There are 2 protein chains.
Amino acid sequence: MTELSDLQAIISDAVDKISYPQYPEQLYEPLSYILSIGGKRMRPALLLMACELFGGDINKAIPPALAIEVFHNFTLMHDDIMDNAPLRRGKTTVHERWNKNVAILSGDVMLIEGYKLMMQVENHLLRQVLDIFNTTAVGVCEGQQIDMEFETRSVVEIEEYINMIRLKTAVVLGGALKIGALIGGATQVDADLLSDFGVQLGIAFQLQDDILDVYGDPEKFGKQVGGDIISNKKTYLLIKALELAKGKLAVELNSLLSASNLANNEKVAGVTNVYNELDIKQHAKTAMQTYADKAFEALKKINLPEKHKQYLQDFADGLLVREN
Amino acid sequence: MTELSDLQAIISDAVDKISYPQYPEQLYEPLSYILSIGGKRMRPALLLMACELFGGDINKAIPPALAIEVFHNFTLMHDDIMDNAPLRRGKTTVHERWNKNVAILSGDVMLIEGYKLMMQVENHLLRQVLDIFNTTAVGVCEGQQIDMEFETRSVVEIEEYINMIRLKTAVVLGGALKIGALIGGATQVDADLLSDFGVQLGIAFQLQDDILDVYGDPEKFGKQVGGDIISNKKTYLLIKALELAKGKLAVELNSLLSASNLANNEKVAGVTNVYNELDIKQHAKTAMQTYADKAFEALKKINLPEKHKQYLQDFADGLLVREN
């Protein structure tokens, strides 16, 4: 089995070799730009990994893996417009560097370029792979829409939140793994199990991200610690805290959320204190473990040599203990 | 052969039957909304027509025809954001009725829904049909980008303009006809010729639209007569006038274009007067006829019964003499 870091390097090299037309420059330059500012290439690497696990040739899986990466970056380009984000991975976002119209249209063509790459599979897989891609892509749009709606809602249920992160974040991991598995020659049953592994792992991963946003080591966590608290983002932690807080704690939490003249560090400290009183970190860790367990259950059922399953298990363990 | 109006009615019925998920409502409602506000369903009707011309079963061509219509409406939804358009076919645009974020995201999912419909072709045609769809879709994005760039450029060449309208408007007609022809059982050669017929006809049609915007009967022309003049839109007429105007006329034209305190009707009258002095209408008509002739040349070469070709010829004649 190829090391994860080597798979990521294969993807990075292949991304660097993608070339788009010179004209119209403002349409295509943003594609090269957003692809060049990096990211961990985790989704496409997972696709290659799945292919290899089932004995397939990684080279055949590179174009669909790139399709997943191009698609992912298309969603970032459009999400950044919607979120009014000035920076992405420390670099100016496309709509800031050019303008919103450029970011809309370049994103559109980027989605189409994703389809073009995804079509570079053998004929017997074409329909099935594109069906998975369509389902994945629709899911991500639904997840983004639901996420935006949460911003203006006063109450969100845990179940709704899990469904949102499943759609927005997890289905892409499942889709990437499933496509890779099929290219590698997996049976339908095994491909579905691997997809389920990816989705459950993706949910666990997002829950960990919610935890790290509050409790992560500022040195290791890539983003501003407490960023979710500052923006009142309805994460698992906040939703659970709003559900559990009663009496004085409820009053305190709500006043922290609605305070307009509070310094960011005071707000973060205050909300974190409420979380601590309610043992929210433990609640979130338990939820995270529940989804990790579901992932491992799916993994167990896959018809693969134990050694290969161990590889996936190690990958998941590595993903879920990260403190960065 | 089925009458064009009947083909349009078949499409309208099929559009009415498309149903999208209930949730998330704000993601899917705009799709039903924009599809419901009409339009002539000309592009999908052309796809059905092409299928029938080659002896195919129209019913098989309905999903790909809907794909073309859904795709077209996706481009309208995003173009309206970029153009800041308040109205589309007399109704509030999606970004005005909801907001820009909704229009971006609903447009994205609409493009994916277009792919899902386009995939409803037989396996042996799947790759080829999707390749045509990709090429068409990329072309439309390129055309829109070039069109936007023209707004901020002082000089645009006629050749560049023709290339822009080919991409933005004409390739969809070509693509729709080609896909329909292939579903109907046309040879590759005939499908390509029919595609070329559609592209050339599309260019001629857009040039006619440019003419009608200035010289059309206000009673019949659906849009505000002179709208292009008011907005300084670089149409064939304006580009040609800027090319031909010398001396006093050039000064007059440029002062009309840069005047900020001129009433709309005075500006329209003034620019139209310059056009008349330069015989611009005739130049545009000649150009239009050149592309119509190219369309008819392609048509002649198609291996179809004369009766069927006459049908296409009549269709094109009908399209190009419209004064509405």
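What longest range of chain B stays clear of loop-exposed GluC sites (Glu not before Pro) (DSSP non-H/G/I/E/B, at most 12 other C-beta within 10 angstrom)? The longest uninterrupted stretch comes out as B:4-121. With its label point defined 7 Å out from Cα along the Cα-to-Cβ axis, B:S36 lies at 4.6 nm from the matching points of the other copies, in increasing order. Pop out the Kirkwood hydrodynamic radius of region A:1-186 from its pairwise C-alpha distances, inverse of mean 1/r, in Å to one decimal. Computed over Cα pairs of region A:1-186, the Kirkwood hydrodynamic radius comes out at 17.0 Å. The convex hull of the Cα atoms of the protein assembly as shown, projected and averaged over all directions, covers 31.6 nm².
Can you grab the distance from the C-alpha centre of region B:232-300 to the C-alpha centre of region A:46-74, Å, no decimals? That distance is 52 Å. For the set B:K234/B:K285; A:K178/B:K168; A:K246/A:K285; B:K91/B:K233; A:K168/A:K233, the pairs lying more than 27 angstrom apart at their alpha carbons are A:K178/B:K168.
Quick one: putting +1 on the C-beta of Lys and Arg, -1 on the C-beta of Asp and Glu, what dipole do you get for region A:187-324 around its Cα centre, in Debye to the nearest 20? Don't skip to the answer; put the middle values down first.
On the way: 16 positive and 20 negative charges, 44 e Å.
My answer is approximately 220 debye.
The charge dipole of the protein assembly as shown, taken about its Cα centre with unit charges on the Cβ atoms of Lys, Arg (+1), Asp and Glu (-1) only, comes to about 140 debye. On the basis of the beta-carbon distance and an R0 of 35 Å, B:M1 and B:E159 show a calculated FRET efficiency of 0.45. Compared with the dominant principal axis of the Cα atoms in chain A, helix A:306-320 is inclined by about 40°.
When both region A:109-148 and region B:195-220 are represented by their alpha-carbon centers, they are found 36 Å apart.
Of the trypsin sites (Lys or Arg not before Pro) in region B:103-164, which ones lie in a loop per DSSP and count no more than 11 other C-beta atoms within 10 Å? Mind showing how you got there, number by number?
Details: sites: B:K116, B:R127, B:R153; in loops: B:R153.
Passing sites in region B:103-164 are B:R153.
Where does each of B:224-230, A:102-108, B:54-60, B:206-212 land if you order them by average Cβ count within 10 Å, highest first? Write out the running numbers ahead of the final one.
On the way: B:224-230: 18.4, A:102-108: 25.3, B:54-60: 15.9, B:206-212: 21.9.
Order by mean packing, descending: A:102-108, B:206-212, B:224-230, B:54-60.
The long axis of helix B:188-215 is offset from the longest Cα principal axis of chain B by roughly 30 degrees. Extension gain for A:T135 to A:D293 (0.36 nm times residue separation, less C-alpha to C-alpha distance): 54.4 nm.
Between 0 and 90 degrees, the angle of helix B:25-36 with respect to the longest Cα principal axis of chain B falls at about 80 degrees. When the trypsin sites (Lys or Arg not before Pro) in region A:208-245 are filtered for DSSP coil states and for at most 11 other beta-carbon atoms within 10 Å of their beta-carbon, the remaining sites are A:K220.
Each residue, B:E266 and B:S19, gets one label point 7 Å from its Cα in the Cβ direction; the gap between the two is 5.8 nm.
In nanometres and ascending order, the distances from the B:G55 label point to those of the other copies are 4.6 (point 7 Å from Cα along Cα→Cβ). Site pair A:N273 and A:N254 shows an inter-label distance of 1.9 nm when each label is modelled 7 Å from Cα along Cα→Cβ. Copy-to-copy label distances for B:D131, where each label lies 7 Å from Cα along Cα-to-Cβ, are 2.4 nm in order of increasing length.
Selection among B:L242, B:I203, A:T136 by position relative to the dipole of the protein assembly as shown gives B:L242 as farthest towards the positive end (Cβ unit charges, Cα centre).
Using only DSSP helix segments of four residues or longer, with each worth -39500 (n - 2.57), what per-residue ellipticity at 222 nm results for chain B after dividing by its residue count and rounding to 500?
Details: 16 runs with 242 residues, N = 324.
The helix contribution divided over chain B gives -24500 deg cm²/dmol.
Legend: mean number of C-beta atoms from other chains within 10 angstrom of residue C-beta atoms, peptide A:140-147, equals 6. Its alpha carbons considered, chain B gives a radius of gyration followed by a Dmax of 20.4, 63 Å.
Within 10 Å of the Cβ of each residue in A:123-134, the mean number of Cβ atoms contributed by other protein chains is 3. A Förster radius of 41 Å, combined with the Cβ-Cβ distance separating A:Q120 from A:D317, puts the computed FRET efficiency at roughly 0.80.
Across peptide B:75-84, the mean count of Cβ atoms from other chains lying within 10 Å of each residue's own Cβ comes to 2.
Rule-based calculations on the coordinates, nothing more; no lab input. Note that this is a predicted model, so its numbers are computed, not measured. Positions of Cβ are generated from backbone atoms using ideal geometry, with glycine treated the same way; all protein chains shown enter the neighbour counts.
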